[in-house]
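> First the structure, which I've put down as structure tokens, then a few questions once you've had a look.
Here, each number is a calculation from the coordinates, and none is a lab measurement. What you see is a predicted model; the values in this text were computed from it and never measured. Ideal geometry is used to build each Cβ from the backbone, glycine not excepted, and the neighbour counts take in all protein chains shown.
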Amino acid sequence: MKKRFSDLKKVPREPAMRLLAAKRIKLDTKLKTPASAPVEAVLEELGAQKAWVCVLRMLSAALPDREAVWWACLAARDICGDNPGTPSLKASEAWVFEPNDANREKVQIALDTADPDDDTVLVATAALYAGGSLGIGDLSKMAAPPGAVAACALGMNMTTLGTAKIPLLQLQLIIDRAVNVARGGNGRIDKITEPPPPEPVSLEGGD
């Protein structure tokens, strides 16, 4: 039986701790795996401890920036429901499909003109910073903060927990989406298949 966190072909072949450090992301859960352990091993241990938020943090650090933005786009679609989508979301989706300066400029415009109550600005921020800088034009000369894309993608996904009918099931769904994207899929899954829907537990888990 395939392990839940196996075959993550999009994930860099580097120790999980190195990826976390590069993105300025910390795990609150104590691990028994060595510092040299790959992402898959760390994810399996976190999953065994039901440290779901740390699983999400690890996945956000492990996904390449473009894949992380797409993961955030899927979450933003959850927020928008049956609506066509906000300008922030539509511009971000366009950037993922064609990550060029023209589409990045549209992302920046969407951010500059976003409504104050737009819950999807995080996905646009992730898309903007995925180019490696703070924006286009003069902003292209200033590097984006380390881990900004991962943080925005994680935040966009966490936002969906507040709007879901069953937050714990939504939590498992967004984990499975990230895993699917990390395996080279499009992340478009509508139900969780493994593990079974969890009993109510602490989101963090571990000690």
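> Filter segment 90-109 down to residues that are of a type outside the set (Lys, Arg) and touching a residue at least 24 places away in the same chain (Cβ under 8 Å), then give me how many there are.
8
Quick grid of which residues meet (1) surrounded by fewer than 19 Cβ atoms within 10 Å (Cβ to Cβ); (2) in contact (Cβ under 8 Å) with a residue 40 or more places away in the chain:
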| site | (1), (2) |
| --- | --- |
| 59 | no, yes |
| 64 | yes, yes |
| 71 | no, yes |
| 75 | no, yes |
| 84 | yes, no |
| 88 | no, no |
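> Can you tell me which residue within segment 103-113, out of those that are in a helix (DSSP H, G or I) and out of contact with any Gly (no Cβ under 7 Å at 6 or more places or on another chain), is surrounded by the fewest Cβ atoms within 10 Å (Cβ to Cβ)?
112
> In segment 116-134, is there at least one residue being surrounded by 15 or more Cβ atoms within 10 Å (Cβ to Cβ), touching a Pro at 6+ places or on another chain (Cβ under 6 Å) and of a type in the set (A, V, I, L, M)? It would help to see each step written out before you state the result.
Within segment 116-134, the first condition is being surrounded by 15 or more Cβ atoms within 10 Å (Cβ to Cβ), and the residues that meet it are 118-131, 133-134.
Okay, now just the ones that are also touching a Pro at 6+ places or on another chain (Cβ under 6 Å), so none.
No: zero hits.
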